1. Between Ser119 and Arg354, what is the label-to-label distance in nm when each label sits 7 Å out along the Cα-to-Cβ direction?
2. Multiplying the sequence separation of Asp132 and Ser45 by 0.36 nm and subtracting their Cα-Cα distance, what value in nm do you get?
3. Compute the distance from the alpha-carbon center of the stretch 99-175 to that of the stretch 217-296, in whole Å.
4. What's the magnitude of the charge dipole for the chain around its Cα centre, counting Lys and Arg as +1 and Asp and Glu as -1 at the beta-carbon? Answer in Debye, nearest 20.
5. Give me log10 I(q)/I(0) at q = 0.10, 0.13 Å⁻¹ for the chain, Debye formula, one equal scatterer per alpha-carbon, no solvent.
6. Of Ala108, Gly361, Ser295, whose Cα points farthest to the positive end of the dipole of the chain (charges on the beta-carbon: +1 Lys, Arg; -1 Asp, Glu; origin at the Cα centre)?
7. Looking at the stretch 167-276, which chymotrypsin sites (Phe, Trp or Tyr not before Pro) are DSSP coil and have at most 14 other C-beta atoms within 10 Å of their C-beta?
8. Among rounded, prolate and oblate, which fits the stretch 198-252 when a ≥ b ≥ c are the square roots of the eigenvalues of its C-alpha gyration tensor, a/c under 1.5 means rounded, and a/b larger than b/c means prolate?
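The numbers here are math on the coordinates, done by the rules we state, and not lab data. These figures come from a predicted structure and were not determined experimentally. Neighbour counts run over all protein chains shown; Cβ positions are idealised from the backbone, glycine included.
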Amino acid sequence: MENVLFELPERYLTLQREARGVAAACADVAARADEADRFDPDVRSRLTESGLCSVVVAGEFGGRFAAVDSLAVTVVREALAFESAHLDSMFAMQGIGSFAISVGGSDAVRKQWLAPVGSLEAIAALALTEPDVGSDLRAIKTTVASDGGELVVNGHKSFITNAGDADFYSVLCREGDGYSLVLVPADTPGVSVTSPHQVIAPHVLGDVMFDDVRVPEDHRLGEPGNGFKLMLATLATFRVSVAGAAVGLAQAALEEALRHTSAREQFGVPLARLGPVPAKLAESWVEIEMARAMSYRAAAAAARDPFTALHLSSIAKVGATEIAGRTVDRCVQVMGRFGLLQGSKIERLYREARPMRIYEGSTEVILDSLAKKLVKDRAQVGR
């Protein structure tokens, strides 16, 4: 279905066509890749060949644009998620895992890692959560300390995307009374990975342990105690792209439902014209277009100024992921028993939609933050 209700500037339309081509090229392996717990080699080789990951690094390190552009990332993720969650995650995590290097890394670290990230030669990961720590990241127990010109990292990170396949981890640690991000190459002695968990929509996931891991002092990203600021910079740039991925997934679900209900007849008419089915299809289209428009608006604002647009990115993320959940649920319903078939595309989309409402800020946590901003802004207006 063509995007007729919102026109992007030409450079984004060109990028959108390019990303759709990459997604289409992965269609034959998407079902397999979306059940994988390690990088699918075909998806990786096709994404590498496309050069699309250059979108998530700055131009001085071989990136597509002078700076990482939130709207460009969002447009690409929408196209990739339409076909494969594995493909979308592979692309997105290159930026999410490496952005703190762009913002806070030393010249040597940036030169070493960012160009390989943009060419997909080096796989990035961001290690924040721990076995007992999710949204409350200030409760983390992983530590970093300076010792003889090196940084020593100890701790246990859990539910880390790309764990096991990553070439480096950007690790959030306690440092004294503050928090710092530290770049740890995956092959550093003392780094180990286990896979105790998998989620309902499988992807590359694992726990990462750091046992007296030593890295050079310049592997601290930014100043000591600056970890949360760097995390916020990553969030401000990339959170809105989750909305783009949710729109792409919802669009794919609607296409599946349209295909099925247009071809299947009951009581002498196509399902698409029977009873409540037309309203469910139309309601899904309405919500998808609303989510797409909000996602593009928020992403364009984030591209101009990520920090002042963070509330818009949060609104788009919540809105689009909730809409994706509702859309896929409606599509399963109108497809009846065929929407319940294990191994079908709609079943895969149903499972993939659910985690979107949790990762990169759960709906409830984001709504709480938005409510605080709403009340604060209102109080300032009333003064």
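1. Spacing of the two 7 Å Cα→Cβ label points: 4.1 nm.
2. The span from Asp132 to Ser45 would gain 27.7 nm if fully extended.
3. Using only Cα atoms to place each centre, the spacing works out to 28 Å.
4. My answer is approximately 1280 debye.
5. Relative scattering, expressed as log10 I(q)/I(0), comes to -0.64, -1.05.
6. Of the candidates, Ser295 comes out farthest on the positive side.
7. Working: sites: Phe168, Tyr169, Tyr179, Phe210, Phe228, Phe238, Phe267; in loops: Phe267.
Taking the stretch 167-276 and a limit of 14 other Cβ atoms within 10 Å, the loop chymotrypsin sites (Phe, Trp or Tyr not before Pro) found are Phe267.
8. Oblate, since a/c reaches 1.5 and b/c is not below a/b.
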